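What follows is a single structure, written as structure tokens, with notes after it.
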Amino acid sequence: MIQTKATINFNKKLNAKYYQMSLTCPSIAKGALPGQFIHVDVASKKVFLRRPFSIYKAGGRNIEILYKIIGAGTEALSEKKKNQTLDIIGPLGNGYKTEEINKNDKVVLVVGGTGIASLFFLANRLNSKKLFLIGAKTKTELVNIKELKDIGCNVKVATDDGSKGYKGFVSSLLKKTVKKEKISYIYACGPKPMLKEIARISKSHKIPCQVSLEEHMACGVGVCMGCAVKIKEKESFEYKRACKEGPVFNGQEVIWE
Ligand SMILES: Cc1cc2nc3c(=O)[nH]c(=O)nc-3n(C[C@H](O)[C@H](O)[C@H](O)COP(=O)(O)OP(=O)(O)OC[C@H]3O[C@@H](n4cnc5c(N)ncnc54)[C@H](O)[C@@H]3O)c2cc1C
Ligand code: FES
């Protein structure tokens, strides 16, 4: 875990709400793994705590994040300009496990909203067959699909309003997919109700599944317990910290509440 000043290379607006930012921070870029995140001081008088963002890309001296404006912190981030610096901590969290994945496996990566950031990085590092399912409210919220195709993903889209691709939740699209195709593994990142449903589908089809939880975080480094989630442990459960033991967990071990 490193705390460093990172210089902004670009902070590109992708659509009304989404931005992509590149930061020079060689010490973090070197060791970053898919599923890990950075904790960013957005340097705004209105925002007290750091904000967590998945590492979208890491290579050479740089990392990238992909974020959506939802409040004061992300608003402040969107106003940052090239050559400004941000104080960041990372890489944080455990990241996805991939030891069980072989070249001939078909892996499904399922995302809702900003979950794309976390799973793009994983897709980029996997050399198996990759089906990427993206869920969004409407087509104008979809970003960077070409980048996903460029790294070898077969991309399918689900929109709540049917403006692009399958009409309905991305979890329903997953359900149809696992009925038709032999899937070896599922990875998912997005809102909790979506992850809960994906964990249920993976259990009923006996497909292993890892989920990345976007919990609210305070310290981000394992000290405050603000991000505790209930994880099954034998006949009982124990609290684990999403920022330290997570954010990635076995979907069958999360106690969904
Ligand atoms: C490990 C991790 C990785 C993440 N990766 C990304 C990413 O790659 N891209 C991205 O855009 N966002 C990501 N997030 C979410 C991001 O951290 C929040 O959107 C951000 O902190 C919001 O800050 P804000 O000040 O703009 O909004 P706030 O003012 O803090 O919040 C605005 C509203 O959104 C709700 N909210 C805030 N954070 C969350 C959350 N984590 N889950 C559900 N509701 C929330 C608040 O309750 C409030 O109602 C990630 C979160 C975690 C924990
Ligand atoms: S956010 Fe403080 S322990 Fe996880």
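Candidates in segment 144-154 are the residues that are in contact (Cβ under 8 Å) with a residue 24 or more places away in the chain and over 14 Å from Leu126 (Cβ atoms); of these, the one that is least open to solvent (accessible area, probe 1.4 Å) is Asn144.
Here Cys219 clears all of (1) at positive phi; (2) assigned by TED's automatic domain parsing to the domain that holds Pro247 except the condition numbered (1).
Within segment 86-100, the residues that satisfy the criterion of being open to solvent by less than 50 Å² (accessible area, probe 1.4 Å) and either farther than 18 Å from Cys153 by Cβ or among the small types (Gly, Ala, Ser) (or both) are Leu86, Asp87, Ile88, Ile89, Gly90, Pro91, Leu92, Gly93, Gly95.
For segment 200-257, which positions are within 9 Å of ligand 2 (Cβ to nearest atom), over 20 Å from Gly73 (Cβ atoms) and open to solvent by 80 Å² or more (accessible area, probe 1.4 Å)? Of everything in segment 200-257, those that are within 9 Å of ligand 2 (Cβ to nearest atom), over 20 Å from Gly73 (Cβ atoms) and open to solvent by 80 Å² or more (accessible area, probe 1.4 Å) turn out to be Met225, Lys244. For segment 134-143, does any single residue satisfy the condition of being more than 16 Å from ligand 1 (Cβ to nearest atom), out of contact with any Pro (no Cβ under 6 Å at 6 or more places or on another chain), touching a residue at least 12 places away in the same chain (Cβ under 8 Å) and among the acidic types (Asp, Glu)? Among the residues of segment 134-143, not one is more than 16 Å from ligand 1 (Cβ to nearest atom), out of contact with any Pro (no Cβ under 6 Å at 6 or more places or on another chain), touching a residue at least 12 places away in the same chain (Cβ under 8 Å) and among the acidic types (Asp, Glu), which makes the answer no.
Quick check, is Leu66 away from ligand 2 (no atom under 16 Å from the Cβ) and more than 16 Å from Thr85 (Cα to Cα)? So that I can check it myself, show each step before the final result.
Details: away from ligand 2 (no atom under 16 Å from the Cβ): yes; more than 16 Å from Thr85 (Cα to Cα): yes.
The answer is yes for Leu66.
Of all positions in segment 134-143, at least one carries a residue that is over 18 Å from the mean Cα position of the chain (by Cα) and either within 23 Å of Glu100 (Cβ to Cβ) or open to solvent by 80 Å² or more (accessible area, probe 1.4 Å) (or both). Has segment 151-167 got at least one residue that is touching a Phe, Trp or Tyr at 6+ places or on another chain (Cβ under 8 Å), among the aliphatic types (A, V, I, L, M) and assigned to a helix (DSSP H, G or I)? No - not one qualifying residue is present in segment 151-167. Check every one of the strands (runs of 3 or more DSSP E) wholly within segment 55-101 and list those with 1 or more residues that are in contact (Cβ under 8 Å) with a residue 24 or more places away in the chain and more than 20 Å from Phe10 (Cα to Cα). Correct list: 85-92. Looking across Ile63, Ile69, one residue alone is open to solvent by 10 Å² or more (accessible area, probe 1.4 Å), in contact with a helix residue (DSSP H, G or I) (Cβ under 6 Å, 6 or more places away or on another chain) and β-branched (Val, Ile, Thr). It is Ile69.
Could you identify the single residue in Lys130, Lys103, Lys81, Lys57 that is modelled with pLDDT under 95 and open to solvent by 20 Å² or more (accessible area, probe 1.4 Å)?
On inspection, the qualifying residue turns out to be Lys103.
The values are calculated or read from the model by the stated rules, or taken from the named source; none is laboratory data. Since this is a predicted model, take the numbers as computed values, not measurements. All Cβ positions, even for glycine, are placed from backbone atoms using ideal geometry, and neighbour counts span all protein chains on display. Accessible surface is based on the protein model in full, side chains and every heavy atom, while ligands, DNA and RNA are left aside. Shrake-Rupley method; radii C 1.70, N 1.55, O 1.52, S 1.80 Å.
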